[in-house]
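Heads up, the thing below is written out as C-alpha cells.
We did not get these values from a lab; they are worked out from the coordinates using the rules stated. Owing to the predicted nature of the structure, the values given are computational and were not obtained by experimental measurement. Please note: Cβ atoms are built from the backbone with ideal geometry, for glycine as well, and neighbour counts cover all protein chains shown.
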C-alpha cells in the first residue's frame, strides 16, 4: 500500500519541532508499524537524510520502549497492544497517518519521536519496592500462602510495562494509572503491607513533583493501556492514600 | 595455558560453595564505602548484582543503553525459572537439577558451577517472593509449578507468560531502593564503548551518552559485564533490537578470553519469518510444549494442499498427522530439549513437510489439551455429562488462563486464532551459551573484570535448558558475584579513588573517538542495516542449525570480506555529537562482524556435534548429535591477537567427577 506519513521532527529538547510529510510506498499488511518506519528510514538514509528517531527494543510488546501517538492515539488504533505489535493490516491503501511523540509536561521530547520518561523511574525510586535485603535468607517462599485472587490481581497490576500511554491518553497528563498499578501490586500482597503507608505517600508525592496532572476519571488511560491495567487500581490507590494520610 | 585456572574449590561437590564462601576474604563495611564498582547492563544479572553490591555498601554505577533499567531484554523471558524446591513432591533435589542441567548442556559445562547454581536456586524463589514478585499460585495459596523441556519433574516457577518481566521488575525494584539511598547512580541511554585497563587491571570504562554524544570516562575498582548475549550476530533473532556484544567484545579485545562462541541456542518454537522486511523474530514460550503437540502431515500431498490453501490443518485426521517428536522420542515426547526439538523441525522441513508458503514451519497444536482440560474442568465443577461444545469452551478458558498473553501475541502477529487452528512455528536464534570465559568467581581473564548472566559462558554447556537462563542471571547477580568480587576487592581497600586523568584513560578515549570518526567518515555507500542483514544471512546459512567444514570455511572468508567492505563503505548519517541511532547500530555491527568470524572459527575447530553445535560430519545413523569426549571435552577459550581468525586457543579441560558421561538420550 501507499501511505502519507506526517511525522514530528525535532532536533533536540531545546529546538522547536514541526510536522513533516513523507510519502511511502510498497508497505505490506504483514509488516509491523515499526518495520514500516524501518523502511522509511532506510529510504531516508539512502537519500543521505537523517532517519526518524524513535524508541524501540524488544519489538514484542513487553519492554515498554516503544511509544508513538498514532492518529492521536497512544500505540495507534488497536487495543491491548503496543506500537511494535501494531501491524500495517490495520491501515488502508491511501491512508494518511499522523505520528507524534507522547505529549506531556513530564515527558520532554529528546529527539523526534523519543521522549524522556525518567519521571516514571523517579516515581518508582520513591517507594516502588519492598525493603528486603537480597541476601536470600528470607523465609521459605511457601511460608506465607497468598490468596489466589489477590495474587492474580497483584500480577495483573504488575504487568504494567511503564510505556507512558496512560499519560499520553489523559487530557490532564496524569500518571495515576501507572503509579496506582505499582502501589496495587504491593498492596495486594502480604509482603507489601509493612511499608504500605509510607509507600503510597512517597510515590504520590513524587508523581506530583514531576508535574503530572490530576485524575478526573475519564478512563481514557484504561482504554489506551496496551496491557489492560484496570482503573480499579486507581480506586485502590486512592483508598490506600486516604487511609495512609488519615493515619498521619 | 596457565592463565586458565578455573579456581574450582577443593572438596566434595556439594560442599564447595559453602567452603569457598567461608574461606574468601571479605571487605569490611567502612572500606566498602570507598570502593566503586561499575555494572554494565541492568537485566537480571546486572540489575540484581548492582542492587546487592549497593546494599553491601559499595558505590555502584550502572549503565544501560535503554531509557530505563527496567527495559533490559530479560524482561521478554516468558516461561519460567527453575528451582529445586521439590514443592510438587516429585523427587526433585539439588542433585537432580544439577544433573539435568549438565546433561541438557551435553556435558560441556563445569560441574562445580552448575552445582552451585542448583544449590542457590531455591534462595532465588524465596528472595523474589519476599520482594513481592507475584508468581502464579494454586487455589490453596501456595506456589504453582510447571514442567519444561529436558526434565521429568515440575520445578519451573512462573508468572503466566511474563516471568522474565516480573523477575526483572523485582531486580529493578531492588535497584530503585538503592538509587533512592544514593548507593546506585544509574546511567541510562549510555553505552559502554571500551574497557580501560590500568596496570593490567580493569579500572573503568569509556561510555557514550547516547543523547548528547558526549564521550565520558568512568573509573572503578572493578567492572562487571552483564551485557547479555550476542544472538543478534544473526540479524534475525528473538533478542531485542539493541542487544549487542560491544561490551563483551571490547573486553575481549583488551584481553578477556571469549569461550565457546559457536554454542548458540536455536529455539524450536518461534513465529516463522513472514517477509523480507522482518526486523526480529518472536518466541512462543517453551512452556507451550507442556500442552501443545508438534506435528506435520504424514503425506506430501496434504502438505501441498495446505500450502495452496486447499486444506486446513484441522481437516487432517489423527492418523494423517506425524507427531514426529512423540514418534522419535517417546520418553520425553514434545518436551525434548530445545536443540533436539529444533533439529527435528528442521529435519522434517528439509524433507519437504513444512506447512507454510516458505516450507519452514511446523504445527504446534492445542486441540488435545483443550479437550483434556475441558473434560477435567467440567468434571471437577460437577458437570458429569458435558457436550463437546461445553468441553471445548471450558478447555479454551483453561488454556487462556495459562497462556493467554502468548496466544494474543501470536494472533496479533500472524492474524490467525490459535484457539481454533494450530500455531505455526519454526526455530530461531534465541540464546548464546558462549560468552566471556570466567573462573568459579565469575572473573574473566582480566583481573577486576567480571562477567555475569548470558554474557559469560559458564553454566549451560552446549545447550541451555528452558527456564535456566533466569535462574543463572539471578544466581550470578544476587548470590554469587557480590561475594566473590569481595575477595578481589579486599586487596583494593588502600587503593583510593581511581583517577580518570591517567594516560590509560586518555588512550582508551582516543581509541573510541577515532573509531567513531572512522565510522562517520566512511565512503557512505550502504546503510548499516545492509551489512547487518548480509552478515545475518551468512551466519544463518553457514553457521546455523547444522554446520559443515566447507560452509564454515566459506563463512570465514565471507565475513572477513564483508567487514572490510563495511569499514570502507558504510554510511552513517547525522552527527556523532547527537542522538544518532545509525551510529549506535554501526558500532554494534562493527563488533558483530569480528565476533562472527571467531564464531565460525570456533565452530570449524570443534570437530564433533554437541548440544546446539551440530556438525553434519558428526552424527549417528539416526541423525543424532555425535560427541567426541576424547578430543573435545574442553572449553575453548579464545585469546584475541589482533585478528579474529588468528585468535589463540586455550583449553580448559572439563572434569566430570560426579556425573558419568553418556550419550544423551531422550528416547
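Numbers for the structure displayed
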quantity: Shielding by other protein chains, B:111-123, mean Cβ within 10 Å; calculated: 1
quantity: C-alpha center-to-center spacing [the range B:397-463, the range B:273-349] in angstrom; calculated: 19 Å
quantity: For the protein assembly as shown: rounded, prolate or oblate by the Cα gyration tensor [a/c cutoff 1.5]; calculated: rounded
quantity: Packing-based exposure ordering (other Cβ within 10 Å, fewest first) of B:638, B:437; calculated: B:638, B:437
quantity: Nearest-0.05 FRET efficiency for residue A:217 and residue B:651, computed from C-beta distance (R0 56 Å); calculated: 0.25
quantity: Chain B, relative contact order [Cα under 8 Å, separation at least 6], %; calculated: 21 percent
quantity: Candidates A:214, A:150, A:142: whichever shows maximal mean-square fluctuation once chain A is modelled as a Gaussian network with Cα springs under 10 Å; calculated: A:142
quantity: For the range B:174-299: relative contact order, % (alpha-carbon pairs under 8 angstrom, 6 or more apart); calculated: 17 percent
quantity: Cα-based shape type of the range B:1-142, given that a ≥ b ≥ c are square roots of the gyration tensor eigenvalues and the cut on a/c is 1.5; calculated: oblate
quantity: Label-reachable residues, the range B:599-616, where backbone N falls under 20 Å from a point 7 Å from residue B:630's Cα toward its Cβ; calculated: B:605-611, B:615-616
quantity: Contour minus Cα-Cα distance for residue B:181 and residue B:576 (0.36 nm per residue); calculated: 138.7 nm
quantity: Estimated 222 nm signal from helices in the protein assembly as shown, with DSSP H stretches of n ≥ 4 weighted -39500 (n - 2.57), rounded to 500; calculated: -11500 deg cm²/dmol
quantity: Nearest-ten-degree value, helix B:367-380 long axis tilted from longest Cα axis of chain B; calculated: 80 degrees
quantity: nm² value of the averaged projected area, convex hull over the Cα atoms of the range A:118-247; calculated: 8.2 nm²
quantity: FRET efficiency, residue A:95 to residue B:372 (Cβ-Cβ, R0 56 Å, nearest 0.05); calculated: 0.80
quantity: Where only alpha carbons of the range B:343-417 are counted, the Rg and the Dmax (Å); calculated: 16.1, 48
quantity: Relative packing of B:233-240, B:404-411, A:113-120, which averages over residues the other C-beta atoms within 10 Å, highest first; calculated: B:233-240, A:113-120, B:404-411
quantity: Packing rank of A:25-34, B:162-171, where each peptide gets the mean count of other beta carbons within 10 Å, highest leading; calculated: B:162-171, A:25-34
quantity: Full-stretch length increase - residue A:105, residue A:245 - with 0.36 nm per residue and alpha-carbon distance subtracted; calculated: 47.7 nm
quantity: Burial order of peptide ranges B:69-78, B:549-558, B:623-632, B:178-187 (average beta-carbon count within 10 Å, highest first); calculated: B:69-78, B:178-187, B:549-558, B:623-632
quantity: Rounded FRET efficiency, nearest 0.05, which uses the C-beta distance separating residue A:232 from residue B:319 and R0 of 51 Å; calculated: 0.55
quantity: Tilt relative to chain B, helix B:549-569 - C-alpha long axis, 0 to 90 degrees, to 10; calculated: 50 degrees
quantity: Shielding by partners, peptide A:49-55 (average Cβ within 10 angstrom, other chains); calculated: 4
quantity: Per-residue mean of C-beta atoms belonging to partner chains within 10 Å, peptide B:567-579; calculated: 2
quantity: Inter-label distance, nm, simple model (7 Å from Cα along the C-beta direction), residue B:557/residue B:483; calculated: 5.3 nm
quantity: Extended-chain gain in nm, criterion 0.36 nm per residue less alpha-carbon gap, residue B:493 and residue B:387; calculated: 30.8 nm
quantity: Gyration tensor (alpha-carbon) shape descriptor, chain B, a/c threshold 1.5; calculated: prolate
quantity: Estimated distance in nm for a label pair at residue B:312 and residue B:622, the labels positioned 7 Å out from Cα along Cα-to-Cβ; calculated: 3.7 nm
quantity: Acute angle (nearest 10 degrees) that the helix A:196-209 long axis makes with the longest principal axis of chain A, alpha-carbon atoms; calculated: 30 degrees
quantity: Exposure proxy ranking, count of Cβ atoms within 10 Å, fewest first, for A:166, A:215; calculated: A:215, A:166
